[in-house]
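Data block below; observations after.
Values quoted throughout were computed directly from the atomic coordinates according to the rules given, and no laboratory measurement underlies them. Quantities reported herein were computed from a predicted structural model and do not represent experimental measurements. With ideal geometry, Cβ positions are generated from the backbone for all residues, glycine too; neighbour counts draw on all protein chains shown.
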Amino acid sequence: MDSVLLDTTVASLIHPRRRLSRLRSAFAHHMIGKTLAISFQTVAELWCWAEERNWGIDQREGLTGFMEQFVVLPYTPELAQTWARVMTHTRRRGRRLEAGDAWIAASAVLYGVPLLTSDNDFVGLDVDGLDVVCRAAPI
């Protein structure tokens, strides 16, 4: 089965509270029949949201359950090397890519998984091995 790597925003669209989102419907057809993967970076970002919003135990348990539906692409030393190549490539081209976005992009490159993103920072990035399957205006 084919896989697709969801950036943090796209992964959050799958949450039941977001089921009526217009943006969710714009991405849905890219996920049908696919194994949905997220980067370890997305796991950290989702937990950051819980911390920032002072979620209680029930909400945190819900977040844990929500993340169980994804395959989490792990950190490896090879991923760190790929991250360094992504960051260097973008800087040399005069582009600014946030570190978290670079971890997600590097995950897509290293694991050979297309990236489904709403982040316009990936437009025209031209990183070898990075396949951005959808771009949309950010939320």
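Taken over region 1-25, the residue count meeting the criterion of being outside any helix (DSSP H, G or I) and either among the hydrophobic types (A, V, I, L, M, F, W, C) or out of contact with any Phe, Trp or Tyr (no Cβ under 9 Å at 6 or more places or on another chain) (or both) is 9.
Restricted to region 1-17, and to residues that are within 17 Å of the chain's Cα centre (by Cα) and of a type in the set (D, E, K, R), which residue is farthest from PRO77 (Cα to Cα)? The selected residue is ASP2. Looking only at region 59-78, filter to residues that are under 27 Å from ARG96 (Cα atoms) and out of contact with any strand residue (DSSP E or B) (no Cβ under 8 Å at 6 or more places or on another chain); which one of those is surrounded by the most Cβ atoms within 10 Å (Cβ to Cβ)? Only one residue fits best here, namely TYR75.
Does region 18-61 hold any residues that are more than 14 Å from the chain's Cα centre (by Cα), β-branched (Val, Ile, Thr) and under 27 Å from VAL132 (Cβ atoms), and which are they? Correct list: ILE32 only. Contact annotation: residue pairs with Cβ atoms under 8 Å, 6 or more positions apart or on different chains, pairing a residue in region 89-105 that is under 16 Å from VAL10 (Cα atoms) with a partner that is assigned to a loop (DSSP other than H, G, I, E, B) and charged (D, E, K, R), are ASP101/ASP7; ASP101/ASP119; ILE104/ASP7.
Beta carbons closer than 6 Å, at least 6 apart along the sequence or on distinct chains, never pair a first residue in region 35-58 that is more than 22 Å from ALA102 (Cα to Cα) and touching a residue at least 12 places away in the same chain (Cβ under 8 Å) with a second that is exposed (fewer than 10 other Cβ atoms within 10 Å of the Cβ) and among the aliphatic types (A, V, I, L, M).
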